[in-house]
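Working notes for the structure below.
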Amino acid sequence: MNKIKVIFMRHGESEWNQSNQFTGWQDVLLSKKGIQEAQIAGKLLKKNGFFFDYAYTSMLSRAIYTLWYILKILKETWIPIKKSWQLNERHYGALEGLNKKKIRSIYSKEQIQLWRRSFLHTPPALDIKDTRYPGYDRRYITLNKNELPVSESLENTYNRVIPYWKNVILPTIKDKKKIIVVAHGNSLRALIKYLNNINNDNIINLNISTGAPIVYEFSDTLCPLNYYYLK
Ligand SMILES: O=C(O)[C@H](O)COP(=O)(O)O
């Protein structure tokens, strides 16, 4: 059987990963370590003979830059790149910008863990008058009000990522194109939950590392088989 390999990758470490702040839809840059992670990922992909016809990423700079660093190393900056809000990180609501450790003085460790890793729990919402609301950001101008999040559970994220996977990414793979998807911890958790049929209780245990390419293998009829971090 000829396996089809698709690369999924979370962006390299961002400045707010480094300072331990909730990020979500806030647009922060890669840290120095994040840039290095992206470059190392590019070299690893090159060493393992990967090449791409098409790339997918989010509307957020940390993912876009990660992809650019990879494509630069592969000498493939010329391939089409499709950027979409559906691949954005989960919207972290009113938590965006707050320090993940410091909020332990306000919320219990268990509550924070539920917001960060459960499927159904939604972090406290943003007020739409808040300057962090994505409705004020020009890049989301084409979104309807009901598509602009004020906070998202992983389920909400899943409900935008999976239709995008089925309707946009999958047809490109069916068309025999080699693809890479550079996205975020929670948009990729949603995608792997779907592909691996992980139940709502077990998804709490899935974490995705920054800057590490994941090889996802599919059968020639596009049945999900397994995945592993590229070494
Ligand atoms: O948005 C964020 O803060 C991170 O990219 C992912 O955060 P998490 O590990 O808390 O889900």
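The values are calculated or read from the model by the stated rules, or taken from the named source; none is laboratory data. Being a predicted model, the structure only gives us computed values, none of them experimental. Here Cβ is always computed from backbone atoms with ideal geometry, including for glycine, and neighbour counts include all displayed protein chains. For the accessible areas, the whole protein counts, side chains as well, though only heavy atoms, and no ligand, DNA or RNA atoms are used. Shrake-Rupley method; radii C 1.70, N 1.55, O 1.52, S 1.80 Å.
Observations
- Those residues of segment 168-220 which are of a type in the set (Lys, Arg) and part of a helix (DSSP H, G or I), in sequence order: LYS174, ARG189, LYS193
- Residue in segment 59-68 that is at negative phi, open to solvent by less than 70 Å² (accessible area, probe 1.4 Å) and among the hydroxyl-bearing types (Ser, Thr, Tyr) present: yes
Rundown of residues vs (1) under 29 Å from GLY135 (Cα atoms); (2) not polar (S, T, N, Q), yes/no style:
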site: ASN2; (1), (2): no, no
site: GLY12; (1), (2): yes, yes
site: LYS32; (1), (2): no, yes
site: GLN39; (1), (2): no, no
site: THR77; (1), (2): no, no
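- Leading residue by the ranking (farthest from the chain's Cα centre (by Cα)) among those in segment 157-178 that are under 22 Å from ALA94 (Cβ atoms) and either open to solvent by 60 Å² or more (accessible area, probe 1.4 Å) or of a type in the set (D, E, K, R) (or both): ASN159
- If you go through segment 82-132 and keep only what is over 25 Å from THR57 (Cα atoms), away from the ligand (no atom under 15 Å from the Cβ) and not in a loop (DSSP other than H, G, I, E, B), you end up with just SER105.
- Candidate set from segment 43-55 (those that are of a type outside the set (A, V, I, L, M, F, W, C) and in contact (Cβ under 8 Å) with a residue 60 or more places away in the chain); member that is nearest to the ligand (Cβ to nearest atom): TYR54
- Filter pass, ILE40 being away from the ligand (no atom under 12 Å from the Cβ), in contact with a helix residue (DSSP H, G or I) (Cβ under 8 Å, 6 or more places away or on another chain) and not in a loop (DSSP other than H, G, I, E, B): no
- Segment 185-202 residues that are open to solvent by 40 Å² or more (accessible area, probe 1.4 Å), paired with ones that are within 16 Å of the ligand (Cβ to nearest atom) and not in a helix (DSSP H, G or I) (beta carbon under 6 Å, 6 or more apart): ASN200/PHE119
- Test result for PHE8, more than 16 Å from the ligand (Cβ to nearest atom), surrounded by fewer than 23 Cβ atoms within 10 Å (Cβ to Cβ) and at pLDDT 95 or above: no
- Subset of segment 12-37 [away from the ligand (no atom under 16 Å from the Cβ) and not hydrophobic (A, V, I, L, M, F, W, C)]: LYS32, GLN36
- Filtered residue count, segment 56-80, keeping only those that are part of a loop (DSSP other than H, G, I, E, B) and touching a residue at least 60 places away in the same chain (Cβ under 8 Å): 3
- Test: residue in segment 92-109 that is touching a His at 6+ places or on another chain (Cβ under 8 Å) and either open to solvent by 10 Å² or more (accessible area, probe 1.4 Å) or closer than 20 Å to LEU206 by Cβ (or both): no
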